[in-house]
Amino acid sequence: MKVLYLIIAASFLMLCGCKNDGNLSRVTSPDGKIVASLYLDSCGSPLIKVIVDEKDYMTINHIGLTTHNNTNLSTGFRHISTSPIQTQQQTQQLLWGENKQVKVHQHSQRIKLQTQHSVQMDLELTVSNDGVAFRYCYDNIDSTLLTGESTTYHFATNGTCWSIPANFESYEFAYRQQPLSQTPDANTPFTFVTADSLWGSIHEAALCNMPEMTLVQDSLDSLSFHTWLCPDNTGTGTAAHYGPKQYTAWRSITIGRKAVDLINSTFNLTLNTHRSALNSLPDDQLSFARPIKYIGVWWGMHLGINSWTPDHRHGATTKSALRYIDFAAANNIDAVLFEGWNLGWEQWGGTQVFDFIQPAPDFDVERIISYAKDKGVQLIMHHETGGNIPHYEAEMERAFQWCQDHDIHYVKTGYAGGFPNRHLHHSQYGVNHYSKVVECAKRHHIALVVHEPIKPTGLRYSHPNLMSAEGARGMEWNAWSDGNTPAHETILPFTRLLAGPMDYTPGIFDITYQHIQHNPDCRQWNMKDARQCRVHTTLAKQVALWVVLYSPVVMAADLIENYQIEQPDGTWATHPMFQFFRDYNPDCDWSQALQGHPGEYVVIARRAGNTYYLGAITNERARSLSVPLNFLSDGTTYEAIIYGDAANTDYLTAPTNYKIAKLHVSKRDTLSLHLATSGGAAVIIRPQDAASHTPLRK
Ligand code: NOJ
Ligand code: CA
């Protein structure tokens, strides 16, 4: 399929010669610095030229789809009409998000094209100060079997990019930093910086009823990347069934002059305003989708000291549940996740038939629910599907209803396992399944955290109950593989996190698994020996990740005993570095990435109410950072508490050394932060008069 695709695409390039006629549309960004012009080449194929700051940035060629019967829906067009430029300028209020107020300011135009055979293409082009996007829709096509998309992205210059490989089953890969010209294929968000120092990230928005798009390099032109859609399960080269009058997902390029501009952009997210295919609940019925902090019976299973099945290592027992609920209640933590609470784990790897209502025999669910309620703690139920989609689709309505009946509003889903009948995770079948679950959960007032998801494309904008997702290598990889490199978490904010929040599950304090070495069960259930595994950061970096890797449903992932320290008198006290999580408020109003470079370091500030949280992390290089605090309010003195690395912290030799420092700061100050190798710092900054007490959120 891939080879055939390359040959077809290469022959287009050779046959057409691609001389431009005059432009049929010219859309400039509100600040005039980005210009996207649409042309038809000499083959009648739509192309968009993008110019940024008066420099050639990218040409998007051969825009269109291909279908069976050799029908190529990207050539032979003539221009019918171009609409006047529309301006959209508004401020959207979100229920939750990095920024609750999102400003939309963009110009768009619709262009109608038609072939001799009366195939019509309606192309919509949108340009804002931080991006260019387009999508298109056909009318009057007789074949609805889509084989692919011919849209090709040609970079004007070479550059460097950060990406994971194109793969239709998983996103859990190590990131590659390489020249654009040496990148064979990639998934999106595909982040790059050009030789002209212009940043960008190619992604898609409002992915609905279509397979996901990935990119594959042209065999002749190393700076051109074709769109490669996830195929269906027929083995015939079909990618999707395209409906009558169906818009494609938006193809978007977020653009910035600095790397952090990509993080600060809401361009891709707001493209979801246009979606109408999915239903919507009024905001007042969505208040259940509230940002929360959580802990869970989880890490022990990945380390191998606990199990999901109800055997002697079973993690989710009534006893452990009550202990976790007590810990949550005592530490200003909203919720507890229990994996392995239900029946079905005994068939793991077999039929993958889970029961989403019946608890394991040693998990007294009714007692636990009522105990949690008394303590003001919420439960997060776990629905591992094992990839058995037909079974989950048959059961989910009942399962969500059961949660609703028990006043439970959070579910973590999982898709660890192949889909039946050779359907791929990221196919149209998969995309539609993930959407169905979001809608069904929404009807039952359930917020979702999806593992092994379809990559986020902004659906949370219309469906705020889709709160977080995995979709990259998360913390779990440190438990049973060589783990994530020190650079990994510094790349995520510039790549995966551009798509939406990530449930990375940070906060491991027992960095080298010291406390489980004595445990006979620490032999791993998968691949490796715990004695050879570890987390490749300092402890302070783990704390900083709570701020840096945005998730409105944020986990302190370690075993709760690691958040406590035994005192000389035998009592247990909270680990001083855990105070940050106790005080952290995930319901932020405002966020800004302040400085950084993928693979090197990143500094991000957030504000919830009048309290600021700042996170800074670095790769394997220690560094000192100066962070101007000019984002603080004028005329206020703040107390800043820095939870950081100590002078002698080193992620290889002394990862758990830390230093907590307090100082007074104002808007005019600059914070000096020392980050150890693979280190970090988390800072809480609150007005001095509010500083003496922990803000309780319940
Ligand atoms: C993979 C998920 O990412 C992880 O969080 C979960 O514990 C396991 N699957 C089991 O469901
Ligand atoms: Ca996973």
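The values are calculated or read from the model by the stated rules, or taken from the named source; none is laboratory data. Computed from a predicted structure; not experimentally measured. Positions of Cβ are backbone-derived with ideal geometry, glycine not excepted, and every protein chain shown enters the neighbour counts. Side chains included, ligands, DNA and RNA excluded: accessible areas come from the protein's heavy atoms. Shrake-Rupley method; radii C 1.70, N 1.55, O 1.52, S 1.80 Å.
Brief remarks on what is shown
- Members of segment 663-691 found to be closer than 17 Å to Thr611 by Cα and in a strand (DSSP E or B), listed by number: Leu663, His664, Val665, Leu671, Ala681, Ala682, Val683, Ile684, Ile685, Arg686, Pro687
- When residues in segment 436-490 are screened for being under 21 Å from Gly615 (Cβ atoms) and aliphatic (A, V, I, L, M), 6 of them pass.
- Among (1) within 30 Å of Leu146 (Cβ to Cβ); (2) out of contact with any Ser or Thr (no Cβ under 9 Å at 6 or more places or on another chain); (3) in contact (Cβ under 8 Å) with a residue 60 or more places away in the chain, the one test that Glu393 misses: (3)
- Test: Tyr584 is hydroxyl-bearing (Ser, Thr, Tyr), in contact with a strand residue (DSSP E or B) (Cβ under 8 Å, 6 or more places away or on another chain) and under 21 Å from Gly97 (Cβ atoms): yes
- Filter pass, Pro586 being modelled with pLDDT of 95 or more and closer than 25 Å to Tyr638 by Cα: yes
- Whichever residue in segment 85-108 is in contact with a strand residue (DSSP E or B) (Cβ under 8 Å, 6 or more places away or on another chain) and in a loop (DSSP other than H, G, I, E, B) and, among such residues, is surrounded by the most Cβ atoms within 10 Å (Cβ to Cβ): Glu98
- Conditions (1) more than 16 Å from ligand 1 (Cβ to nearest atom); (2) touching a residue at least 40 places away in the same chain (Cβ under 8 Å); (3) not acidic (Asp, Glu); (4) not in a loop (DSSP other than H, G, I, E, B): number failed by Leu424: (4)
- Among the residues of segment 109-133, those that are closer than 20 Å to Val35 by Cβ, among the charged types (D, E, K, R) and in a strand (DSSP E or B) comprise Arg110, Glu124.
- So Leu113, is it at pLDDT 95 or above and farther than 23 Å from Thr191 by Cα: yes
- Summed over segment 477-499, the residues that are assigned to a loop (DSSP other than H, G, I, E, B), crowded, with 22+ Cβ neighbours inside 10 Å and within 16 Å of ligand 2 (Cβ to nearest atom) give a count of 1.
- Within segment 122-145, the set of residues being under 30 Å from His68 (Cβ atoms) and either in contact with a Cys (Cβ under 7 Å, 6 or more places away or on another chain) or open to solvent by 20 Å² or more (accessible area, probe 1.4 Å) (or both) comprises Asp122, Arg135, Asp139, Asn140, Ile141, Asp142, Thr144, Leu145.
- Residue in segment 584-596 that is among the small types (Gly, Ala, Ser) and in a loop (DSSP other than H, G, I, E, B) present: no
- Of all residues making up segment 621-659, the number that are open to solvent by 50 Å² or more (accessible area, probe 1.4 Å) and within 17 Å of Ile604 (Cβ to Cβ): 3
- Complete set of residues in segment 425-451 that are more than 15 Å from Leu379 (Cα to Cα) and open to solvent by 40 Å² or more (accessible area, probe 1.4 Å): Tyr429, Asn432, Lys436, Glu439, Arg443
- Among the residues of segment 427-461, those identified as in a loop (DSSP other than H, G, I, E, B), away from ligand 2 (no atom under 16 Å from the Cβ) and in contact with a helix residue (DSSP H, G or I) (Cβ under 7 Å, 6 or more places away or on another chain) are His444, His445, Ile446, Thr457, Gly458.
- When residues in segment 26-84 are screened for being more than 30 Å from His117 (Cβ to Cβ), surrounded by fewer than 22 Cβ atoms within 10 Å (Cβ to Cβ) and touching a Leu at 6+ places or on another chain (Cβ under 8 Å), 2 of them pass.
- Members of segment 161-180 found to be away from ligand 2 (no atom under 16 Å from the Cβ) and surrounded by fewer than 17 Cβ atoms within 10 Å (Cβ to Cβ), listed by number: Pro165, Arg176, Gln177, Gln178, Pro179
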